[in-house]
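Report on the following structure.
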Amino acid sequence: MLALRISINTSLLNYIDSMKKTLEELFANASPQDQRSASMIIRVLENNNIPGFDYLEFKQSLEGLAKMNMDEGTAFQSAFVTASTLGLTKTKLIQTADHYIKIVGQEKQKFDQAAQNQINKGIAAKRAEAKQLEKAMNDKYERIKKIKAEIDAHQQRLEKLRTELNGAEQKINAAKQSFENVYQEITSHIKCDIDKIQQYIT
């Protein structure tokens, strides 16, 4: 049994050393429109990668073992056997997985705040201007008909603002939804792995 474990460890270590997978490949199940948000989050994970063998390296090991047609439980256990020879414990594995969830969560907060700032600075100002122009139009229609030319100019500006407003809202909402999709998928994936770590690794 010991010889088998040593053999498995040696094979896996050689396999891990030869792997050139990036985090993009590990989380490549994002839809095409979500790739930009996925790349953003992945860069953050890479920049906050804890030195040494932790959850991210463990995840890479699992991806490699998946190519060897191992069943899931055996893959988790085998990856952990190898990781334990590099100093990784189950506690550290779960702690580092939680660390990356927190990192992604912090990035989501930053993104949400940036999106809100864009709304406050851009869309809110356009919406306020649109309301002011609508009021100006109503006032002018009631007071004087001969300023129709001015009202027409306001109408054109209002239509332009509405078009810009709709376009800006759609763009920000699409970006928020894209980021939310990637955030949900990655955090769900990590949490699922934590559950499986709890299930398969003793």
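The values are calculated or read from the model by the stated rules, or taken from the named source; none is laboratory data. Since this is a predicted model, take the numbers as computed values, not measurements. Neighbour counts run over all protein chains shown; Cβ positions are idealised from the backbone, glycine included.
Here are a few things to note about the model shown:
- Residue among T82, T91 that is part of a helix (DSSP H, G or I), within 18 Å of T202 (Cβ to Cβ) and modelled with pLDDT under 90: T82
- Screening the candidates E169, E107 for the property of being part of a helix (DSSP H, G or I), in contact (Cβ under 8 Å) with a residue 40 or more places away in the chain and over 28 Å from N48 (Cβ atoms) yields one hit, E169.
- K196, sole failed condition from (1) assigned by TED's automatic domain parsing to the domain that holds T82; (2) of a type outside the set (D, E); (3) not in a helix (DSSP H, G or I): (3)
- Scanning region 146-159 for residues that are among the acidic types (D, E) and either closer than 16 Å to A125 by Cα or surrounded by fewer than 12 Cβ atoms within 10 Å (Cβ to Cβ) (or both) yields D152, E159.
- Of all residues in region 37-93, those satisfying the criterion of being more than 24 Å from the chain's Cα centre (by Cα) and of a type in the set (G, A, S) are G73, A75, S78, A79, A83, S84, G87.
- Cβ-Cβ distances below 7 Å connect the following pairs, each with a first residue in region 67-90 that is without any contact (Cβ under 8 Å) to a residue 12 or more places away in the chain, a second residue that is part of a helix (DSSP H, G or I) and surrounded by 12 or more Cβ atoms within 10 Å (Cβ to Cβ), and a separation of six or more residues or different chains: M70/S78.
- Enumeration of residues in region 160-202 that are of a type in the set (S, T, Y) and exposed (fewer than 14 other Cβ atoms within 10 Å of the Cβ): T163, S188, T202
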